[in-house]
Each structure stands twice: as C-alpha cells, then as structure tokens.
1. Where residues in the range 130-161 are more than 15 Å from the chain's Cα centre (by Cα) and of a type in the set (Ser, Thr, Tyr), which of them is nearest to Val209 (Cα to Cα)?
2. Leu94 - would you say it is assigned to a helix (DSSP H, G or I) and more than 21 Å from Met177 (Cβ to Cβ)?
3. Does any residue of the range 133-143 turn out to be of a type in the set (Ser, Thr, Tyr) and either open to solvent by 30 Å² or more (accessible area, probe 1.4 Å) or in a loop (DSSP other than H, G, I, E, B) (or both)?
4. Can you give me the ranges of the helices (runs of 4 or more DSSP H) entirely in the range 1-81 with at least 3 residues that are of a type in the set (Lys, Arg) and surrounded by fewer than 20 Cβ atoms within 10 Å (Cβ to Cβ)?
5. Within the range 93-139, can you find the residues that are over 19 Å from Ala203 (Cα atoms) and of a type in the set (Phe, Trp, Tyr)?
6. For the range 172-209, which residues satisfy the criterion of being part of a helix (DSSP H, G or I) and of a type in the set (Val, Ile, Thr)?
7. Do we have any residue at all in the range 164-171 that's part of a helix (DSSP H, G or I) and either open to solvent by less than 50 Å² (accessible area, probe 1.4 Å) or closer than 19 Å to Arg102 by Cβ (or both)?
8. Considering each residue of the range 172-192, count those that are open to solvent by less than 10 Å² (accessible area, probe 1.4 Å) and either farther than 22 Å from Val126 by Cβ or in contact with a Cys (Cβ under 9 Å, 6 or more places away or on another chain) (or both), and give that number.
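The values are calculated or read from the model by the stated rules, or taken from the named source; none is laboratory data. These figures come from a predicted structure and were not determined experimentally. Cβ placement follows ideal geometry from the backbone for every residue including glycine, while neighbour counts extend to all protein chains displayed. Keep in mind that these areas ignore ligands, DNA and RNA; they rest on the heavy atoms of the full protein, side chains included. Shrake-Rupley method; radii C 1.70, N 1.55, O 1.52, S 1.80 Å.
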Amino acid sequence: MSLLMDNQFGELPVDKSVDTKFFLESVAYLPPFFDCLGSKVFVPIKSDISGNITKIRSVYDKDPAKYATLQQMVESEKEAYGTEWPKVGATLALMWLKRGLRFIQVLLQSLADGEKDENNPNLIRVNITKAYDQALKKYHGWLVQKIFKAALLAAPYKSDFIKALSKGQEVREEDCMASVRQFLINYTATVDAIYEMYTTLNAELDYSV
C-alpha cells in the first residue's frame, strides 16, 4: 500500500474537534512524504514539520486529559500565556504545522484533479508551485522563496513521485490517484478544521521567515 493509505486520518466528529492523540499519531507518518519529492531542498520543510510535531507532542504529554483535543490545547495556552499568545508553545508549532499540512493537501489535490503542464505532462512543477503559493509562500522571505524556486527545477517526474509514494511498487497512475482521493477526504477535513479554529480564535500570525 501507499505511504498515505497505510496511515489514514480519522473522521471528525460533528463539532469538528480534533483528537490530539490520534492527530499526532497520524501526522507522525507524514515527514517521509517529502522524501518522495526527491530534492534535498525539501528537507527544511520536512524538518520543520517533524520539529513542530515534537513540540506539540511535548505539550500534550504533560497533561493528555487537559489537552485531549487540539482546540483544548490552543484555548488553554491562550488563557495561560496572555499577551505572549499565540506566538508561543503548541499554538505556534501547530500554526506552522498546519501550513505544511496544507502544502501536502493542495499538492495532492492538484494531482488528483489532473492539473498538469500540457507541454510537460510528466512533470509536477505545476502542482508543487500551486501548493507552495497557496500554503507557504506568503510566510517566506525573499531568500527562502528563492531556495524554493530552485527546488522546482529538481522536482521529480510524476511517474517517479507516484512510485515513491507507493513505496517503490509499480502502480498505475489512476490507482494511485484513487488512493490519494480516498486519503484526502478525512485529511482535508482535519486541516480545514484546524484552519477554522485559528480563524475563530484569532490565532493566525502573518510574519515571514
């Protein structure tokens, strides 16, 4: 099975609360996704995601009952940190993590929707560029943006990406994309719920790095 389908996200309850324990277990398997993109230029994004997962887990482990959902965790920090919030703790880590998760979401959705460069249909630069523009670009300064442009030149062929995503197995593109669409159902709902929470709590920050 594919890297994604082996680690599906769970369906959210009606109130869209995100169980912290299950969320951390699910996202823990995502950093290797960036290995599928081939270029070492994606290593910083992979490291950023891994680091933020670790930060959130360290807060959760202090009091699993108190931080049973991501919403409870962020709201507790808002109350505890006062004027320092939201640029602290798990709130800040989750803010950056959700952007990395959005990058993965937009990239996969773009591929599943069949978006491509008609002149170079086996390249995924169009898909990666869309994901970067929507999820990360506005939070990156000039230098980081320039580094990412270099990464696009090293983006893998779609066929190689699909093979990597399928753990080295030869699979048909349509079969892989069917799995991607299935994975995206609960994954997208989870990412959207986190974004909605940050909007509701006015926890979003727009500074760039």
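1. Of everything passing the filter in the range 130-161, Tyr157 is nearest to Val209 (Cα to Cα).
2. Criteria met by Leu94.
3. no
4. 43-62
5. Phe103, Tyr132 - these are the residues of the range 93-139 that are over 19 Å from Ala203 (Cα atoms) and of a type in the set (Phe, Trp, Tyr).
6. Val180, Ile185, Thr188, Thr190, Val191, Ile194, Thr199, Thr200
7. Checking the range 164-171: at least one residue is part of a helix (DSSP H, G or I) and either open to solvent by less than 50 Å² (accessible area, probe 1.4 Å) or closer than 19 Å to Arg102 by Cβ (or both).
8. The qualifying residues number 1.
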